[in-house]
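Single-structure report; data block below.
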Amino acid sequence: SIEKSIAVTGSLMPDETVTVSTEVPGRIAAIRADFGQAVRKGDVLIELDKTEYDLQVERAKGALNQALARLSLPAYDGRIAPPESTPAVRQATAQLEDAKSKFESASKLVKSGDIAQDRFTEIEKAYRARQATVDAARDELRTLWMSVTSIEADLKLAEKRRADTVVRAPFDGVIGEKLISAGQYVKDNVGIVRLVKVHPMRLRVEVPEAAANAVRSGTRLSFTTDAAMGAQFEAVVRELNPALDARNRTLSVEARLTKSDTRLRPGMFVQVKLVTEAASKVVTVPRQAIYSVAGLTRVFKIDNGIVHAVTFVPGLEQDGWIEVPGGVLSDGDRVATSELAALTNGAKVRQ
């Protein structure tokens with residue numbers, strides 16, 4: 001019972017890599033992290049000059065307060081609610097109530113003949129006009145309120161753009177490269193620093209087609225690297241490509257290292273051992289039973305005193321025993337372990 005495995009090559013990769021940029025243009029006031037520096041999530045990486053954005057906020061706030069004043073509302077303090085009325089609406093409503101009272105009285109008088117029909121018609125027209133004035137005042141109220149909400153949105157957008165002048169780290173990592181220096185003017189979405197997340201590190205392996213079914217999520221891999229001679233590391237498979245690469249017939253596999261180690265760095269080339277069968281039953285012979293000549297490997301099977309030369313391709317070797325694959329030998333067969341050069345197929349021997 002032996003462990004069957006194959007050797008493949010792989011590369012170490014960072015867990016995440018991002019080029020940090022700003023959402024707004026401006027002149028860089030300060031870069032708070034330099035090449036090789038470790039940062040935590042939320043740490044300030046970049047600060048832009050925010051003078052212009054302060055002015056935009058103040059301008060939007062002034063426009064909002066001006067719109068609020070038209071509605072007789074107090075200055076903006078972060079919260080506003082739509083007013084139920086304005087002085088114009090209240091005045092128009094009072095005038096409508098007066099006109100309505102006159103219209104109702106005139107309706108009674110015109111029936112009794114106490115006022116002329118022409119006079120009643122004038123009072124009715126005045127009443128209808130006051131109704132239209134109230135409707136217009138309420139429409140004006142809705143229009144002014146929509147203007148307030150629009151300007152409030154402009155203010156919030158200006159405040160967001162000002163906040164975007166400070167860029168923070170999206171995750172824990174190390175600065176891998178500083179692309180621009182302080183004092184430069186940058187446009188939005190221009191890379192300034194490159195942030196690398198090195199823990200947990202990824203291991204990318206290309207598995208041959210013949211061994212593709214031996215690896216699945218949760219499979220443990222062991223690997224070594226020339227950068228840490230004599231050390232062995234482990235990783236656990238987490239993701240597999242659903243399809244093989246049609247060009248080289250390999251399956252892309254990604255594993256996560258079980259623990260961090262300062263000797264390992266992204267970009268390293270590693271040698272990976274992939275166990276295909278943990279306990280495979282095989283037939284083996286001792287090393288001294290192997291006879292190699294002219295590129296051929298043979299073993300001499302002894303059956304009732306007759307030699308049978310068996311040619312095969314050696315398999316795995318473990319503790320001085322060599323695998324004889326292909327079913328050419330069975331458990332319990334007798335093989336010669338001495339005088340191999342003198343043996344030929346069909347020769348008779350004494351044991």
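The values are calculated or read from the model by the stated rules, or taken from the named source; none is laboratory data. All figures in this text were calculated on a predicted structure; none of them were measured in a lab. Heads up, the Cβs are rebuilt from the backbone with ideal geometry, glycines too, and the neighbour counts pull from every protein chain shown. Accessible surface areas use protein heavy atoms only, side chains included; no ligands, DNA or RNA. Shrake-Rupley method; radii C 1.70, N 1.55, O 1.52, S 1.80 Å.
Here are some notes:
- Of the residues in region 4-16, at least one is touching a residue at least 24 places away in the same chain (Cβ under 8 Å) and over 30 Å from Asn213 (Cβ atoms).
- Any chance Lys61 is within 30 Å of Glu23 (Cα to Cα), open to solvent by 80 Å² or more (accessible area, probe 1.4 Å) and either at pLDDT below 85 or within 60 Å of the chain's Cα centre (by Cα) (or both): no
- Checking each residue in region 267-281 for being in a loop (DSSP other than H, G, I, E, B) and modelled with pLDDT of 85 or more picks out Gly267, Met268.
- Of the residues making up region 230-240, just one is crowded, with 16+ Cβ neighbours inside 10 Å and small (Gly, Ala, Ser), namely Ala235.
- Criterion (outside any loop (DSSP other than H, G, I, E, B) and either of a type in the set (A, V, I, L, M) or surrounded by 19 or more Cβ atoms within 10 Å (Cβ to Cβ) (or both)) met by exactly one of Ala30, Ala75: Ala30
- Some residue of region 283-304 being of a type outside the set (S, T, N, Q), open to solvent by 30 Å² or more (accessible area, probe 1.4 Å), in contact with a Ser or Thr (Cβ under 8 Å, 6 or more places away or on another chain) and under 16 Å from Ile2 (Cβ atoms): yes
- Just one residue in the set Ala255, Ala227, Ala243 is surrounded by fewer than 16 Cβ atoms within 10 Å (Cβ to Cβ), over 26 Å from Val44 (Cα atoms) and touching a Lys or Arg at 6+ places or on another chain (Cβ under 8 Å); that residue is Ala227.
- Candidate set from region 2-27 (those that are of a type in the set (Asp, Glu) and under 25 Å from Met201 (Cβ atoms)); member that is surrounded by the fewest Cβ atoms within 10 Å (Cβ to Cβ): Glu16
- Considering Gln66, Gln95, the condition of being open to solvent by 80 Å² or more (accessible area, probe 1.4 Å), outside any loop (DSSP other than H, G, I, E, B) and either at pLDDT below 95 or under 30 Å from Arg194 (Cβ atoms) (or both) is satisfied by Gln66 alone.
- From the options Lys197, Lys187, residue that is surrounded by 18 or more Cβ atoms within 10 Å (Cβ to Cβ), basic (Lys, Arg), modelled with pLDDT under 95 and more than 23 Å from Leu274 (Cα to Cα): Lys197
- Any hit, region 209-216, residues being open to solvent by less than 30 Å² (accessible area, probe 1.4 Å), within 20 Å of Leu257 (Cα to Cα) and more than 17 Å from the chain's Cα centre (by Cα): yes
- Residue match in region 322-341 (condition: in contact with a Ser or Thr (Cβ under 9 Å, 6 or more places away or on another chain), surrounded by fewer than 16 Cβ atoms within 10 Å (Cβ to Cβ) and in contact (Cβ under 8 Å) with a residue 60 or more places away in the chain): no
- Candidates Glu159, Glu177, Glu140 - the one that is open to solvent by 60 Å² or more (accessible area, probe 1.4 Å), in contact (Cβ under 8 Å) with a residue 24 or more places away in the chain and assigned to a strand (DSSP E or B): Glu177
- Where strands (runs of 3 or more DSSP E) fall wholly inside region 286-349, the ranges with 2 or more residues that are β-branched (Val, Ile, Thr) and within 30 Å of Val275 (Cα to Cα) are 296-303, 306-311.
- Checklist (1) in contact (Cβ under 8 Å) with a residue 12 or more places away in the chain; (2) touching a strand residue (DSSP E or B) at 6+ places or on another chain (Cβ under 9 Å); (3) on the phi < 0 side of the Ramachandran plot applied to Ser260, failing item: (2)
- Scanning region 1-27 for residues that are part of a loop (DSSP other than H, G, I, E, B) and farther than 20 Å from Gly191 by Cβ yields one hit, Ser1.
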